[in-house]
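The block underneath contains the structure these notes are about, expressed in C-alpha coordinates.
The values are calculated or read from the model by the stated rules, or taken from the named source; none is laboratory data. None of the values given here were measured: they were computed from a predicted structure. Please note: Cβ atoms are built from the backbone with ideal geometry, for glycine as well, and neighbour counts cover all protein chains shown. Areas reflect the complete protein model, heavy atoms only, side chains present, ligands, DNA and RNA absent. Shrake-Rupley method; radii C 1.70, N 1.55, O 1.52, S 1.80 Å.
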Amino acid sequence: MRLSYQRDRDRIIHSKAFRRLKHKTQVFIAPQGDHYRTRLTHTVEVTQVARSDARALRLNEDLVEAIALGHDLGHTPFGHAGEEAMAEVLPGGFRHNEQSVRVVEYLEKGGGGLNLTYAVKEGILKHSKVRKSVADLGWGFAETLEGQLVKICDSLAYVAHDIDDAVRAGVLRTEQIPSAFLESFGATTSQRINAFVCDLVDYNWRVAEGTAESWQKAVGNGQFLTLSPRFLERFNGLREFMFANVYTNSAAKEDDPKTRFIIQALFEHYCRHPEELPDELRSNPRDEPMERLAADYIAGMSDRYALRMFEELYIPRQWAVMG
(Lines give C-alpha, C1' and ligand atoms only; values in the text may rest on other atoms or scores of the structure.)
Protein backbone atom coordinates (compact mmCIF):
# COMPACT_ATOMS: atom_id res chain seq x y z
CA MET A 1 0.00 0.00 0.00
CA ARG A 2 2.94 2.37 0.58
CA LEU A 3 5.35 3.84 -1.95
CA SER A 4 9.11 3.71 -1.33
CA TYR A 5 9.49 7.14 0.26
CA GLN A 6 6.52 6.50 2.53
CA ARG A 7 8.21 3.34 3.77
CA ASP A 8 11.42 5.28 4.30
CA ARG A 9 9.57 7.90 6.34
CA ASP A 10 7.89 5.26 8.49
CA ARG A 11 11.13 3.38 9.10
CA ILE A 12 12.77 6.58 10.31
CA ILE A 13 9.88 7.47 12.62
CA HIS A 14 9.93 4.00 14.20
CA SER A 15 13.71 3.97 14.70
CA LYS A 16 15.38 4.23 18.08
CA ALA A 17 17.61 7.05 16.87
CA PHE A 18 14.54 9.14 16.04
CA ARG A 19 13.06 8.64 19.49
CA ARG A 20 16.31 9.67 21.17
CA LEU A 21 16.14 13.08 19.49
CA LYS A 22 13.60 14.17 22.10
CA HIS A 23 16.41 14.40 24.68
CA LYS A 24 19.12 15.93 22.49
CA THR A 25 20.13 19.58 22.53
CA GLN A 26 18.99 22.02 19.88
CA VAL A 27 20.60 25.19 21.33
CA PHE A 28 20.09 24.97 25.09
CA ILE A 29 21.79 22.02 26.79
CA ALA A 30 19.44 19.50 28.45
CA PRO A 31 16.71 22.14 28.85
CA GLN A 32 14.46 21.78 31.88
CA GLY A 33 11.75 24.12 30.58
CA ASP A 34 8.92 22.38 28.71
CA HIS A 35 8.79 24.94 25.91
CA TYR A 36 12.36 24.90 24.64
CA ARG A 37 13.05 23.17 21.34
CA THR A 38 14.93 19.89 21.36
CA ARG A 39 16.50 18.17 18.38
CA LEU A 40 13.21 16.29 17.90
CA THR A 41 10.95 19.33 17.86
CA HIS A 42 13.42 21.05 15.54
CA THR A 43 13.16 18.07 13.20
CA VAL A 44 9.37 18.27 13.24
CA GLU A 45 9.46 22.00 12.49
CA VAL A 46 11.89 21.50 9.59
CA THR A 47 9.55 18.85 8.21
CA GLN A 48 6.54 21.15 8.47
CA VAL A 49 8.29 24.04 6.69
CA ALA A 50 9.69 21.75 4.00
CA ARG A 51 6.36 20.06 3.32
CA SER A 52 4.62 23.43 2.96
CA ASP A 53 7.20 24.47 0.37
CA ALA A 54 7.14 21.08 -1.36
CA ARG A 55 3.39 21.15 -1.86
CA ALA A 56 3.47 24.69 -3.26
CA LEU A 57 6.36 23.81 -5.59
CA ARG A 58 4.72 20.51 -6.62
CA LEU A 59 7.60 18.40 -5.40
CA ASN A 60 7.41 14.92 -3.85
CA GLU A 61 6.17 15.52 -0.31
CA ASP A 62 6.94 11.98 0.87
CA LEU A 63 10.58 12.29 -0.21
CA VAL A 64 10.88 15.72 1.45
CA GLU A 65 9.34 14.39 4.66
CA ALA A 66 11.63 11.37 4.83
CA ILE A 67 14.78 13.46 4.31
CA ALA A 68 13.68 16.07 6.84
CA LEU A 69 12.78 13.50 9.51
CA GLY A 70 16.13 11.74 9.12
CA HIS A 71 18.48 14.67 8.65
CA ASP A 72 19.67 14.94 12.28
CA LEU A 73 19.58 11.30 13.41
CA GLY A 74 23.36 11.28 13.79
CA HIS A 75 23.64 14.38 15.95
CA THR A 76 25.69 13.98 19.11
CA PRO A 77 24.45 14.94 22.56
CA PHE A 78 24.95 18.63 23.42
CA GLY A 79 24.37 19.88 19.88
CA HIS A 80 27.17 21.35 17.81
CA ALA A 81 29.49 21.61 20.80
CA GLY A 82 29.30 17.83 21.10
CA GLU A 83 29.86 17.44 17.37
CA GLU A 84 32.96 19.63 17.49
CA ALA A 85 34.32 17.71 20.48
CA MET A 86 33.86 14.41 18.68
CA ALA A 87 35.50 15.77 15.54
CA GLU A 88 38.59 16.63 17.57
CA VAL A 89 39.15 13.11 18.92
CA LEU A 90 37.86 10.77 16.21
CA PRO A 91 40.53 10.00 13.58
CA GLY A 92 39.23 11.33 10.28
CA GLY A 93 36.87 13.76 12.00
CA PHE A 94 33.14 13.66 12.65
CA ARG A 95 30.19 15.38 10.97
CA HIS A 96 26.62 14.81 12.06
CA ASN A 97 25.21 14.52 8.52
CA GLU A 98 27.63 11.69 7.72
CA GLN A 99 26.75 10.05 11.02
CA SER A 100 23.05 10.33 10.17
CA VAL A 101 23.68 8.29 7.03
CA ARG A 102 25.70 5.81 9.06
CA VAL A 103 22.78 5.44 11.46
CA VAL A 104 20.29 4.56 8.73
CA GLU A 105 22.72 2.37 6.76
CA TYR A 106 24.36 0.37 9.56
CA LEU A 107 23.54 1.19 13.14
CA GLU A 108 19.77 0.83 13.38
CA LYS A 109 18.08 -2.56 13.79
CA GLY A 110 21.04 -4.20 15.48
CA GLY A 111 23.45 -3.31 12.69
CA GLY A 112 21.14 -4.06 9.76
CA GLY A 113 20.15 -0.47 8.99
CA LEU A 114 16.82 0.79 7.70
CA ASN A 115 17.31 -0.05 4.00
CA LEU A 116 16.36 3.44 2.79
CA THR A 117 16.33 4.63 -0.81
CA TYR A 118 19.34 6.39 -2.31
CA ALA A 119 17.47 9.70 -2.71
CA VAL A 120 16.64 9.87 1.00
CA LYS A 121 20.17 8.99 2.13
CA GLU A 122 21.71 11.45 -0.31
CA GLY A 123 19.39 14.21 0.87
CA ILE A 124 20.31 13.48 4.48
CA LEU A 125 24.02 13.53 3.66
CA LYS A 126 23.90 16.85 1.82
CA HIS A 127 21.65 18.87 4.12
CA SER A 128 24.63 20.37 5.96
CA LYS A 129 25.61 23.99 5.29
CA VAL A 130 28.60 26.26 5.77
CA ARG A 131 28.37 29.42 7.87
CA LYS A 132 28.94 31.79 4.94
CA SER A 133 25.55 31.29 3.27
CA VAL A 134 22.71 28.79 3.13
CA ALA A 135 23.07 28.92 -0.67
CA ASP A 136 26.81 28.25 -0.74
CA LEU A 137 27.82 24.99 -2.40
CA GLY A 138 29.77 24.20 0.76
CA TRP A 139 29.38 20.48 1.51
CA GLY A 140 27.46 19.92 -1.72
CA PHE A 141 23.86 19.95 -2.92
CA ALA A 142 21.53 17.00 -3.29
CA GLU A 143 20.75 15.72 -6.76
CA THR A 144 17.01 16.00 -6.09
CA LEU A 145 15.10 19.25 -5.69
CA GLU A 146 13.56 17.69 -2.60
CA GLY A 147 16.97 17.26 -0.98
CA GLN A 148 17.92 20.81 -1.89
CA LEU A 149 14.69 22.05 -0.35
CA VAL A 150 15.34 20.34 2.99
CA LYS A 151 18.82 21.87 3.10
CA ILE A 152 17.35 25.36 2.89
CA CYS A 153 14.37 24.66 5.15
CA ASP A 154 16.65 23.36 7.91
CA SER A 155 18.16 26.84 8.20
CA LEU A 156 14.84 28.61 7.77
CA ALA A 157 13.32 26.59 10.62
CA TYR A 158 16.17 26.86 13.11
CA VAL A 159 16.68 30.59 12.65
CA ALA A 160 12.94 31.16 13.09
CA HIS A 161 12.54 29.07 16.23
CA ASP A 162 15.94 29.69 17.84
CA ILE A 163 15.11 33.39 18.10
CA ASP A 164 12.01 32.43 20.05
CA ASP A 165 13.97 30.17 22.41
CA ALA A 166 16.76 32.73 22.87
CA VAL A 167 14.25 35.42 23.85
CA ARG A 168 12.50 32.99 26.22
CA ALA A 169 15.84 32.14 27.83
CA GLY A 170 16.77 35.80 28.28
CA VAL A 171 19.95 35.59 26.20
CA LEU A 172 18.43 37.79 23.49
CA ARG A 173 15.96 40.65 23.53
CA THR A 174 13.73 41.41 20.58
CA GLU A 175 14.99 45.01 20.67
CA GLN A 176 18.52 43.73 19.95
CA ILE A 177 17.48 42.34 16.58
CA PRO A 178 18.28 44.94 13.90
CA SER A 179 15.14 46.70 12.70
CA ALA A 180 15.89 45.78 9.08
CA PHE A 181 15.46 42.10 9.95
CA LEU A 182 12.25 42.71 11.88
CA GLU A 183 10.82 44.70 8.98
CA SER A 184 11.79 42.00 6.48
CA PHE A 185 10.80 38.90 8.40
CA GLY A 186 8.47 39.93 11.22
CA ALA A 187 8.77 39.78 14.98
CA THR A 188 7.19 36.36 15.69
CA THR A 189 8.08 32.81 14.73
CA SER A 190 4.96 32.42 12.58
CA GLN A 191 5.65 35.69 10.76
CA ARG A 192 9.22 34.65 10.06
CA ILE A 193 8.25 31.22 8.76
CA ASN A 194 5.55 32.73 6.57
CA ALA A 195 8.02 35.21 5.08
CA PHE A 196 10.61 32.48 4.45
CA VAL A 197 8.16 30.06 2.86
CA CYS A 198 6.50 32.65 0.65
CA ASP A 199 9.79 33.97 -0.72
CA LEU A 200 11.13 30.50 -1.44
CA VAL A 201 7.97 29.44 -3.27
CA ASP A 202 7.45 32.69 -5.16
CA TYR A 203 11.03 33.08 -6.31
CA ASN A 204 11.59 29.52 -7.50
CA TRP A 205 8.29 29.47 -9.40
CA ARG A 206 9.22 32.73 -11.13
CA VAL A 207 12.68 31.42 -12.04
CA ALA A 208 11.17 28.20 -13.40
CA GLU A 209 8.77 30.24 -15.53
CA GLY A 210 11.52 32.56 -16.77
CA THR A 211 10.15 35.71 -15.11
CA ALA A 212 12.88 36.26 -12.51
CA GLU A 213 16.65 36.31 -12.32
CA SER A 214 18.23 32.94 -13.00
CA TRP A 215 19.67 30.84 -10.21
CA GLN A 216 23.09 31.43 -11.77
CA LYS A 217 22.78 35.19 -11.27
CA ALA A 218 21.22 34.81 -7.86
CA VAL A 219 23.68 32.55 -6.09
CA GLY A 220 26.25 31.51 -8.66
CA ASN A 221 25.43 27.83 -8.63
CA GLY A 222 23.33 27.71 -11.75
CA GLN A 223 20.74 25.10 -10.90
CA PHE A 224 19.66 24.86 -7.28
CA LEU A 225 16.64 25.93 -5.29
CA THR A 226 17.30 29.07 -3.28
CA LEU A 227 15.82 32.26 -1.87
CA SER A 228 15.48 35.43 -3.95
CA PRO A 229 18.75 37.43 -4.11
CA ARG A 230 17.76 40.31 -1.80
CA PHE A 231 15.93 38.02 0.62
CA LEU A 232 18.88 35.61 0.67
CA GLU A 233 21.25 38.42 1.57
CA ARG A 234 19.02 39.59 4.41
CA PHE A 235 18.43 36.04 5.64
CA ASN A 236 22.16 35.33 5.73
CA GLY A 237 22.54 38.55 7.71
CA LEU A 238 19.97 37.40 10.27
CA ARG A 239 21.62 33.98 10.46
CA GLU A 240 25.02 35.60 11.06
CA PHE A 241 23.44 37.77 13.75
CA MET A 242 22.28 34.58 15.48
CA PHE A 243 25.74 33.04 15.22
CA ALA A 244 27.33 36.14 16.75
CA ASN A 245 24.77 36.68 19.51
CA VAL A 246 23.39 33.23 20.38
CA TYR A 247 25.13 30.25 18.76
CA THR A 248 28.73 31.15 19.58
CA ASN A 249 28.69 33.99 22.09
CA SER A 250 25.94 33.93 24.69
CA ALA A 251 25.05 32.57 28.10
CA ALA A 252 23.68 29.50 26.29
CA LYS A 253 27.23 28.58 25.29
CA GLU A 254 28.93 29.04 28.66
CA ASP A 255 28.85 25.31 29.39
CA ASP A 256 30.19 24.25 25.98
CA PRO A 257 33.72 23.57 27.36
CA LYS A 258 32.17 21.26 29.96
CA THR A 259 30.18 19.32 27.38
CA ARG A 260 33.27 18.97 25.20
CA PHE A 261 35.14 17.56 28.18
CA ILE A 262 32.34 15.05 28.83
CA ILE A 263 32.26 13.86 25.21
CA GLN A 264 36.01 13.43 25.06
CA ALA A 265 36.23 11.74 28.46
CA LEU A 266 33.55 9.23 27.43
CA PHE A 267 35.36 8.64 24.15
CA GLU A 268 38.65 7.88 25.89
CA HIS A 269 36.91 5.57 28.35
CA TYR A 270 35.13 3.44 25.75
CA CYS A 271 38.23 3.20 23.60
CA ARG A 272 40.01 1.75 26.63
CA HIS A 273 37.07 -0.44 27.64
CA PRO A 274 35.39 -1.78 24.49
CA GLU A 275 33.84 -4.58 26.55
CA GLU A 276 31.38 -1.98 27.89
CA LEU A 277 29.95 -1.17 24.44
CA PRO A 278 26.53 -2.60 23.46
CA ASP A 279 26.54 -6.08 21.93
CA GLU A 280 25.66 -4.93 18.40
CA LEU A 281 28.70 -2.61 18.36
CA ARG A 282 31.04 -4.97 20.14
CA SER A 283 30.37 -7.70 17.56
CA ASN A 284 31.90 -5.32 14.97
CA PRO A 285 30.79 -7.14 11.79
CA ARG A 286 32.63 -4.66 9.52
CA ASP A 287 35.89 -4.97 11.49
CA GLU A 288 36.08 -1.24 12.18
CA PRO A 289 38.51 0.56 14.52
CA MET A 290 37.49 0.75 18.15
CA GLU A 291 37.51 4.55 17.96
CA ARG A 292 34.77 4.39 15.33
CA LEU A 293 32.61 2.13 17.50
CA ALA A 294 33.07 4.33 20.55
CA ALA A 295 32.04 7.37 18.50
CA ASP A 296 28.93 5.53 17.28
CA TYR A 297 27.90 4.73 20.83
CA ILE A 298 28.47 8.23 22.21
CA ALA A 299 26.90 10.00 19.23
CA GLY A 300 23.74 7.99 19.81
CA MET A 301 23.42 9.08 23.44
CA SER A 302 20.88 11.63 24.60
CA ASP A 303 22.11 14.56 26.66
CA ARG A 304 20.88 13.10 29.92
CA TYR A 305 22.23 9.62 29.20
CA ALA A 306 25.68 11.06 28.42
CA LEU A 307 25.57 13.02 31.67
CA ARG A 308 24.51 9.91 33.58
CA MET A 309 27.26 7.77 32.11
CA PHE A 310 29.86 10.44 32.85
CA GLU A 311 28.63 10.65 36.43
CA GLU A 312 28.76 6.87 36.86
CA LEU A 313 32.27 6.67 35.42
CA TYR A 314 33.94 9.72 36.93
CA ILE A 315 31.97 11.10 39.90
CA PRO A 316 32.53 9.25 43.19
CA ARG A 317 29.42 8.01 44.97
CA GLN A 318 28.73 9.15 48.49
CA TRP A 319 29.01 6.36 51.05
CA ALA A 320 25.52 5.90 52.41
CA VAL A 321 25.85 2.88 54.76
CA MET A 322 25.06 3.78 58.36
CA GLY A 323 27.65 2.77 60.99
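The table below gives the values:
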{"item": "Net charge dipole size for the stretch 68-119 [Lys, Arg +1 and Asp, Glu -1 on Cβ; Debye, nearest 20]", "result": "160"}
{"item": "CD proxy at 222 nm, helix term only [per DSSP H run n ≥ 4: -39500 (n - 2.57); per residue of the chain; nearest 500]", "result": "-17500 deg cm²/dmol"}
{"item": "Rounded tilt (10° steps) of 39-57 against the dominant C-alpha axis of the chain", "result": "20"}
{"item": "³J(HN,Hα) computed for each position of the stretch 292-304 - Karplus, 6.51 cos²θ - 1.76 cosθ + 1.60, integer Hz, glycine/proline x", "result": "5, 5, 5, 5, 4, 5, 5, 4, x, 6, 7, 4, 5"}
{"item": "Accessible area per residue in Å² at 1.4 Å probe, computed on the stretch 47-161", "result": "33"}
{"item": "Computed magnitude of the charge dipole of the stretch 102-239 (debye, nearest 20; Cβ of K, R +1, Cβ of D, E -1)", "result": "300"}
{"item": "Sparsely packed trypsin sites (Lys or Arg not before Pro) within the stretch 279-323, loop by DSSP, other Cβ within 10 Å at most 11", "result": "286, 317"}
{"item": "Spin-label model distance (nm) - residue 22 vs residue 211, 7 Å beyond Cα toward Cβ", "result": "4.6"}
{"item": "Fully extended contour minus Cα-Cα distance, from residue 243 to residue 312, at 0.36 nm per residue", "result": "21.4 nm"}
{"item": "Under the Karplus curve 6.51 cos²θ - 1.76 cosθ + 1.60, θ = phi - 60°, whole-Hz ³J(HN,Hα) for the stretch 258-275, x wherever Gly or Pro sits", "result": "5, 5, 4, 4, 4, 4, 6, 5, 4, 4, 4, 5, 6, 5, 7, 10, x, 5"}
{"item": "Packing-based ranking, highest mean first, of 132-143, 267-278, 156-167 given that Cβ atoms within 10 Å are counted", "result": "156-167, 132-143, 267-278"}
{"item": "In Hz, Karplus ³J(HN,Hα) per residue of the stretch 225-238 (6.51, -1.76, 1.60; θ = phi - 60°; x = Gly, Pro)", "result": "4, 7, 8, 5, x, 5, 5, 4, 4, 5, 5, 4, x, 5"}
{"item": "Under-5 Å amide H pairs with residue 94, H placed in peptide plane, nonlocal only", "result": "87"}
{"item": "Gain on full stretching of the segment that runs from residue 233 to residue 261 - 0.36 nm per residue minus C-alpha separation", "result": "6.4 nm"}
{"item": "Cβ-placed point charges (K, R +1; D, E -1), dipole of the chain about Cα centre in debye, nearest 20", "result": "320"}
